[in-house]
1. Given a Förster distance of 45 Å, report the FRET efficiency between residue 65 and residue 264 from their Cβ-Cβ distance, rounded to the nearest 0.05.
2. Relative to the present Cα-Cα distance, how much length would full extension add between residue 242 and residue 19 at 0.36 nm per residue of separation?
3. Kindly rank 121-127, 320-326, 236-242 from highest to lowest mean number of other beta carbons found within 10 Å of each residue.
4. If packing is taken as the mean number of other Cβ atoms within 10 Å per residue, what is the order of 167-178, 103-114, highest first?
5. Please find the FRET efficiency linking residue 49 to residue 113, where r is the Cβ-Cβ separation and R0 is fixed at 56 Å, and quote it to the nearest 0.05.
């Protein structure tokens, strides 16, 4: 097994396409993080003297008494000042989420899709190219045990998923200090729930492994990496439609689904058995518990326990997809 793993590592490591995918994941994550911070660079300027003078002239021309003019102007100025102060506080609170350790969640929130799509693309490319280039038969001549060969490929892809995730964690630590060196000290980060943060990061890794399994199973079934990407997109659309329809039924209805304040239905947990919905539920519950929103959203903060079933669902689907890929690979005819 170790020999197969090392051979795969050496052989795949020389493919330019795979190198580009692996390098692009942290580069795009860093780009999204820095662009997100750049969007918070908003300058608030309130020229109270000019605004007061303009309001005074406007009200005076309407024939109002000096006392009424002063009262009206003071009221409007106080409201505008309070509005500017509120916007400034919101921007500062948002900027604080780019400081470590809150930056971990901020970076993953903006780059999770890139990371997960990169792993799906990597899986589809590594297995799909074996059929497209006709190298699968040669590889199996060197190792006739198909199960061991595919297990080594899963080990390689799982290792890449872990390394890519570690790279993102490193970026979430380094980038805030780089920003501070350029623009000055960042605001104090909000309190971080380390346990919830670990659940989010672990859930993203489990989701990546589930996508590796899905990509492998779909590629082996259709003998094409590109078709497996299409299959993933179709599945997401189908599940979104099915979950949306189920959510309208009273037993499956989430809490406050229509903004009417009604409690959740007794079977709402069934929705978390769907992998895409499970990932969304895990990310929503984990992120809201890990770091409080920068401003009041008016919503109810969920409990961390809301992420446990989605996490178990994703782990279960990962096992199912890997098993399907193994069974398919053992039984398929390989004529390439």
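1. For residue 65 and residue 264, the calculated efficiency is 0.20.
2. 76.6 nm
3. 121-127, 320-326, 236-242
4. 103-114, 167-178
5. The value I calculate is 0.75.
Read-outs: derived from the displayed coordinates by stated rules, not from any lab. Remember, it's a predicted structure, so these values are computed and weren't measured experimentally. All Cβ positions, even for glycine, are placed from backbone atoms using ideal geometry, and neighbour counts span all protein chains on display.
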